[in-house]
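The values are calculated or read from the model by the stated rules, or taken from the named source; none is laboratory data. Computed from a predicted structure; not experimentally measured. Here the Cβ is made from the backbone with ideal geometry for all residues, glycine too, and neighbour counts use every protein chain on show.
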Amino acid sequence: MNTTNKIAKSPIGIFDSGLGGLSICKEIVQLLPNESTIYLADSKNAPYGEKSKEDIIDFSIKNTELLLNLGCKIIVVACNTATTNAINVLRKRFDVPFIGIEPAIKPAALKTRTGKIGVLATKGTLSSDLFLSTSRQIDNVDIIETEGKNLVRLIEDGKLEETKSLLEKYLLPMVDQGADSIVLGCSHYPFLIPLIKDIIPKEVSVIDSGEAVAKQTQKRLKENDLLSDNLDVKNQFYTNLDVELLSNFLNQIDLKGDSEYKEF
Ligand code: DGL
């Protein structure tokens, strides 16, 4: 590692429409303990999944600009909806490495024994060109798509328990149709894994891409000679809505750092 590389000491920037991307942030903090992070929860504009593509692109540009102004060396788009609708625009517009997250339908398709997989994601992700082109590349496997309508809103409001009946409504028909894995296509959903596992049979697997995104971030930092050897790291979390909700959520998931309100 080139320890003289000053940029390497800069933080990793991460954004999502709200609290969901904290599932990714946690994986990054665990895998890369020498990296500082800045997280933006654009909760004011959540849910992205029900917004137009143009709006999702605008929000993603605004979040990226702020993270770059705060000195970030790489941007992790910790949101499937923003990745599938906006990452190509971001990559063209900003000269910085980007890591995105997409529903892991390819790994699920490689593993399936029933030839059927379920994917739970937002309307914005399921209708995106990127998702459509990835699903078209998968032959001989049925992809059962379900929109997780209202789940993000309930998670943003800290009402995890209230998602149970909605989850049953969304998950059980996919299981009944023979899906042997459920792909979580929204970074908010990993927080629901304990509830999801209570609902679906044991033999149905739950696939989440958080860890893969953290590994991809590590790989890209290494390739670009941007890995940090900081001993004194800092994790900062900004929300443009409710800082108390953010701090409570961080406590619940045991993610340490400073949380602050910021207008963006
Ligand atoms: N967490 C986001 C995702 O991964 C966005 C959810 C939303 O705001 O609709 O898709």
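Candidates are the residues of the range 19-52 that are among the polar types (S, T, N, Q) and within 16 Å of the ligand (Cβ to nearest atom); the one that is nearest to Phe191 (Cα to Cα) is Ser23. Of Asp16, Asp58, all but one fail to be acidic (Asp, Glu) and either near the ligand (Cβ under 9 Å from one of its atoms) or surrounded by fewer than 15 Cβ atoms within 10 Å (Cβ to Cβ) (or both); the exception is Asp16. Within the option set Lys222, Lys164, Lys197, being closer than 20 Å to Val29 by Cβ, of a type outside the set (A, V, I, L, M) and part of a helix (DSSP H, G or I) holds for one residue only, Lys222. The residues of the range 197-226 that are polar (S, T, N, Q) and either within 22 Å of the chain's Cα centre (by Cα) or within 17 Å of Leu120 (Cβ to Cβ) (or both), listed by number, are Ser205, Ser209, Gln216, Thr217, Gln218. Of all residues in the range 76-97, those that are more than 15 Å from the ligand (Cβ to nearest atom), touching a strand residue (DSSP E or B) at 6+ places or on another chain (Cβ under 7 Å) and not in a helix (DSSP H, G or I) total 2. Restricted to the range 66-75, and to residues there that are in contact (Cβ under 8 Å) with a residue 24 or more places away in the chain and of a type outside the set (Lys, Arg), the residue that is nearest to the ligand (Cβ to nearest atom) is Ile75. For beta carbons closer than 9 Å, sequence separation of 6+ or different chains, a first residue in the range 43-58 that is under 18 Å from Leu246 (Cα atoms) and a second that is at pLDDT below 95 and among the basic types (Lys, Arg), the qualifying pairs are Ala46/Arg153; Pro47/Arg153.
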